[in-house]
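Reading through the structure tokens given below for one structure.
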Amino acid sequence: MNLEWIAVDWGTSSLRCWAMSSDGEPLAEATSDRGMGSLKPDEFEDALLWLVGDWIEGPVTIVACGMVGARQGWIEAAYRNVPTSPLGLPMTQPIVRDARLRIQIVPGLSQSKPADVMRGEETQIGGFLARNKTFDGVVALPGTHTKWARISAGEVVGFQTLMTGELFALLSKQSVLRHSVANDGLDEAAFDAGIAEALSKPEAIAARLFSIRAESLVHRSDPVSARSQLSGLLIGAELAATKAWWLGHAVALIGAGALSRLYARALATQGVLAETVDVKHVTLAGLKAAYALTRAS
């Protein structure tokens with residue numbers, strides 16, 4: 001194939017690669033479960049070559065974003081302090097054994113006060129802005145650690161991270177609530193009720209969480225309803241904490257479909273109609289923009 005470069009999105013639990021043509025179109029795609037969390041620093045090169053080695057005939061530029069550049073990743077990549085454009089230089093280059101590889105890791109973003117960091121989301125924001133050049137508002141990126149980023153004049157001027165996804169995973173799988181909540185499913189009414197409760201009384205969230213367990217014991221509540229209440233309470237608490245970010249602003253949601261739809265539903269209960277954006281498309285668009293920076297430097 002007419003390969004010019006390779007785009008890589010390397011997260012904690014997965015690795016996704018695209019073979020890219022000279023006109024910026026993907027020629028092939030490959031994925032594996034060899035994410036940063038399962039690799040030692042000296043194992044990244046082999047994991048990458050195992051997935052894309054058949055694509056490579058000569059020297060090739062590989063632009064990678066995500067947790068590959070974390071302190072626990074292949075090599076710790078630079079941070080760029082906000083306010084700044086989401087994408088920029090310098091890229092970080094790990095030492096490689098295979099002379100064909102020209103690895104360029106996209107820098108993350110950092111914030112001094114309050115202290116905060118992001119890796120991977122800056123590429124998604126950059127891809128979104130490449131397609132929405134005049135956007136002014138807030139980009140929310142739901143996930144394990146949800147990011148809320150304020151965008152103005154093409155720059156990220158500030159951001160905030162909330163551990164809502166990780167809290168949900170811990171509470172639903174490792175706390176006493178694991179005996180009460182289902183593994184999947186959505187009760188929309190229970191979810192909406194959780195949103196409303198958390199927004200009206202965010203200070204009572206710890207007590208309300210235990211009531212999910214109590215209701216299953218006293219009233220034998222439905223596990224799907226219990227899961228939906230838990231999700232609604234946690235996302236509602238997040239919306240209460242970020243009200244100054246979304247109230248009165250344009251909001252775009254970038255994330256996995258099911259989770260983004262929950263956030264969109266939660267915001268809609270507050271009269272905010274958020275735009276939902278496909279995460280794969282903006283990630284690839286952001287990696288294209290990052291590759292263009294390497295060509296111009």
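The values are calculated or read from the model by the stated rules, or taken from the named source; none is laboratory data. Just so we're clear, the structure is a prediction, and the values are computed from it rather than from any experiment. Here Cβ is always computed from backbone atoms with ideal geometry, including for glycine, and neighbour counts include all displayed protein chains.
Before moving on, here are some points about what is shown:
- Residue count for region 151-181 under the criterion of being in a strand (DSSP E or B) and either at pLDDT below 95 or among the acidic types (D, E) (or both): the result is 1.
- Selection within region 246-273 - touching a helix residue (DSSP H, G or I) at 6+ places or on another chain (Cβ under 9 Å), under 27 Å from G88 (Cβ atoms) and at pLDDT 95 or above: W246, V251, A252, L253, I254, S260
- Within region 196-226, tally of residues that are closer than 23 Å to A241 by Cα and surrounded by fewer than 17 Cβ atoms within 10 Å (Cβ to Cβ): 10
- The numbered conditions (1) touching a residue at least 40 places away in the same chain (Cβ under 8 Å); (2) over 28 Å from M118 (Cβ atoms) are all true for D23 except (1).
- Flag if G143 is under 18 Å from the mean Cα position of the chain (by Cα), among the small types (G, A, S) and within 25 Å of G248 (Cβ to Cβ): yes
- Wholly enclosed strands (runs of 3 or more DSSP E) of region 1-76 bearing at least 2 residues surrounded by 22 or more Cβ atoms within 10 Å (Cβ to Cβ): 5-10, 15-20, 60-66
- Scanning region 240-266 for residues that are of a type in the set (A, V, I, L, M, F, W, C) and over 13 Å from V138 (Cα atoms), we see that the one that is surrounded by the most Cβ atoms within 10 Å (Cβ to Cβ) is A266.
- With respect to the conditions (1) at pLDDT 95 or above; (2) over 22 Å from V156 (Cα atoms), R295 lacks only one, and its number is (1).
- If you go through region 29-70 and keep only what is at pLDDT 95 or above and charged (D, E, K, R), you end up with E29, D33, R34, K40, D42, E43, E45, D46, D54.
- G143 being under 14 Å from V68 (Cα atoms) and not hydroxyl-bearing (S, T, Y): no
- Of the helices (runs of 4 or more DSSP H) lying entirely inside region 198-265, those carrying at least 2 residues that are among the β-branched types (V, I, T) are 205-218, 223-241.
- Residue within region 123-144 that is of a type outside the set (K, R), surrounded by fewer than 23 Cβ atoms within 10 Å (Cβ to Cβ) and within 23 Å of T31 (Cα to Cα) present: yes
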